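Worksheet: one structure, shown below.
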Amino acid sequence: MTEHQRQAPGVRPGLPHTELSGFEPELTDEERALQQAVHAFAADVLRPAGRALDRMTAEEVVAPDSPLWEVFDIAAKAGLTAEPEGEDIPPAVLARMTAIAVEELGWGDAGLAVSLGVGGFPSLVARRTGDAELMDLCAGRLGCWIGTQPDRGSDGLSLYPGERHPSAPHGNKGNLTAKVQGGDIVINGQSSAWVSNGPVAQVGLASICADYGEGFYDEEGHPHGIEVIVPLDVPGISRGKPLEKLGKRALPQGEIFFDDVRVPLRYALSAHDAYWRGHAATWSSAGVAMGQLMTGLARAAFETAVAYTQERRQGGALLAEHQLVQYRLGRMGSQVETMRAVARRATEYTVLSPARHPYYTAQSKAVCTDLAFQVADEALQLMGGNGLTREYPAEKLFRDARAARIEDGENHLLTMKFGHLAGLLHQDGRLGAART
Ligand SMILES: Cc1cc2nc3c(=O)[nH]c(=O)nc-3n(C[C@H](O)[C@H](O)[C@H](O)COP(=O)(O)OP(=O)(O)OC[C@H]3O[C@@H](n4cnc5c(N)ncnc54)[C@H](O)[C@@H]3O)c2cc1C
């Protein structure tokens, strides 16, 4: 009970109901149990490991004695996979539970949350196919998603030929391509240095341009593609040096090189005319997870700022007693609530709608990561000079939030794609149709 309530029992409004994650209507017992278990893992394992890894070099992060391996071990023992398993859980319940759990992981450490999420991604996608061989290929193996290349970043996210600049004769096939020859897929080239878990992954989900025997482009100049599971211990695979970068330093990233890597065509998840639909469905899932976990990061930044303002005195009073500071905290809290609402709505849409689309989920990623950056920036600002030092968590949260505005698609580009989708819906008579 607060001092305020003690002074006026029954007269003043009591404090509202809140859960760990804020202004939730009461969670169910199962939801609360899951939230508390993941929160304990985030607080006891992810936070300390994330802080330690952040200060190491990229080479040290992936070295045999790195704390990274203990994180993976504990997560595997606790059964923390990319999506809670359970065929008998109704999709709506599963969607909520996943969002609740992923937010807690992001609260613990956003870089490690990505590493764990993408680590289970090939396995998750393979499970959705129901194909026993693909599931076996991925089970128990640390995964990665191989989408971008040195010369093909945003271009890999263009689902429609109409998005290409009018001056470009055809799309961009990039530096990592597949040739489908008989029953085999032969892969050559290299990924970008940005592949999350690239230096350590044991299995990859590659989403790349493909030639099925008639060239890389269709009659509209749009590239053909293939989504394929590649075990990363097959001949012809090598890795680059782990990448040094500004934020999410606990997340190992690096190039993967392919020299005549040959896998059977039955390892493909989507091929030929089904590729762009498959790629779109896979990408939808990733965008949703980013919104959830960055809500957790922003909540961590908000909590840090609230606590700091209850300790620091300036202007003759605690920072928290100044109305301008209360306004700034209020704005941060609203932004966290907005992020959670947007992330949960995108989660529900992706799981429950008859036809999901990554240009919708990608805008939710852009909204959530831009807001997370604003919250982390304001947390740092509220802490004055202390916010900039390594003594306090704000500067790491700020750097981690910054990376997310480029990760999984750069935010301006993603927002532009949502605008493109709006135009397509209008042309289909479903958005902004003239009033009759
Ligand atoms: C933390 C992190 C994790 C990542 N994880 C992975 C991963 O697991 N796997 C993977 O494959 N990749 C991964 N990436 C790569 C990421 O997907 C790309 O960095 C991102 O898609 C942007 O591509 P790019 O860096 O090549 O930038 P570019 O595509 O070169 O874009 C540069 C700038 O140009 C603008 N631009 C680009 N195209 C257009 C256009 N058509 N019209 C107008 N403006 C345009 C963009 O908006 C941007 O501001 C990760 C990146 C980060 C930062």
*What does the helix-only formula give at 222 nm for the chain: each DSSP H stretch with n ≥ 4 adding -39500 (n - 2.57), the total divided by the residues, and the result rounded to the nearest 500 deg cm²/dmol?*
-15500 deg cm²/dmol
*Please sort by residue number the GluC sites (Glu not before Pro) in region 276-347 whose DSSP state is loop and whose Cβ has at most 10 other Cβ atoms within 10 Å.*
Glu311
*Measure up Lys396/Lys417; Lys179/Lys245; Lys241/Lys396; Lys173/Lys241 against 26 Å on the Cα-Cα distance and list the ones that go over.*
Lys396/Lys417; Lys179/Lys245
*Would you mind computing Rg(Cα) / (2.2 N^0.38 Å) for the chain, counting N as its residues?*
1.03
*For Lys241 and Gln181, FRET efficiency with R0 = 35 Å and r from the beta-carbon atoms, rounded to 0.05?*
0.65
*GNM, the chain, Cα, under 10 Å: largest mean-square fluctuation among Val325, Val375, Val38?*
Val325
_Between His165 and Glu321, what is 0.36 nm times their sequence separation minus the Cα-Cα distance? Round to one decimal in nm._
50.8 nm
*Among Leu20, Leu380, Leu413, residue whose mean-square fluctuation peaks in a GNM of the chain (springs only between Cα atoms under 10 Å)*: Leu20
*asked:* Distances longer than 25 Å among the Cα atoms of region 174-315: what percent of all pairs is that?
replied: 42 percent
_How much length would be gained if the chain were fully extended between Val93 and Arg277, taking 0.36 nm per residue of separation minus their Cα-Cα distance, in nm to one decimal?_
63.7 nm
*Report the convex hull volume per residue for region 278-427, counting only C-alpha atoms, in Å³.*
108 Å³
*Which angle from 0 to 90°, rounded to the nearest 10, does the C-alpha axis of helix 110-119 make with the longest principal axis of the chain?*
30 degrees
_Solvent-accessible area of Arg313, probe 1.4 Å, all protein chains present, reported in Å² to the nearest ten, please._
140 Å²
*Which whole-number percent is the relative contact order of the chain (Cα, under 8 Å, 6+ apart)?*
15 percent
*Enter the Cα centre distance for the pair region 312-348 and region 9-79, rounded to the nearest angstrom.*
21 Å
*What is the diffusion coefficient of region 91-221 in µm²/s, taking the Kirkwood radius over Cα pairs and the Stokes-Einstein relation at 10 °C with a viscosity of 1.306 mPa s?*
94 µm²/s
*May I ask for the angle, rounded to the nearest 10°, between helix 394-404 and the longest principal axis of the chain, with both axes built from Cα atoms and the value confined to 0 to 90°?*
30 degrees
*asked:* Quick check: the distance between the Cα centres of region 95-128 and region 223-292, to the nearest angstrom?
replied: 17 Å
*Calculate the all-directions average of the projected area of region 273-317's alpha-carbon convex hull, and give it in nm².*
3.8 nm²
*Run a plain Debye calculation on region 29-132 (Cα atoms as equal point scatterers, no solvent) and give log10 I(q)/I(0) at q = 0.19 Å⁻¹, rounded to two decimals, same order as the q list.*
-0.96
_I need the calculated FRET efficiency for the pair Asp260 and Gln374, taking r as the beta carbon distance and R₀ as 45 Å, to the nearest 0.05._
0.45
_Computed E for Ala422/Glu30 - FRET, C-beta separation, R0 41 angstrom, nearest 0.05_ = 0.60
*Based solely on C-alpha atoms, express the radius of gyration and the Dmax of region 362-436 in angstrom.*
18.0, 63
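The values are calculated or read from the model by the stated rules, or taken from the named source; none is laboratory data. Predicted, not measured: the structure shown is a model, and the values here were computed from it. Reconstructed Cβ throughout: ideal geometry from the backbone, glycine too, with neighbour counts over all protein chains shown. When the accessible area is computed, the model is the full protein with side chains, heavy atoms only, and any ligands, DNA or RNA have been set aside. Shrake-Rupley method; radii C 1.70, N 1.55, O 1.52, S 1.80 Å.
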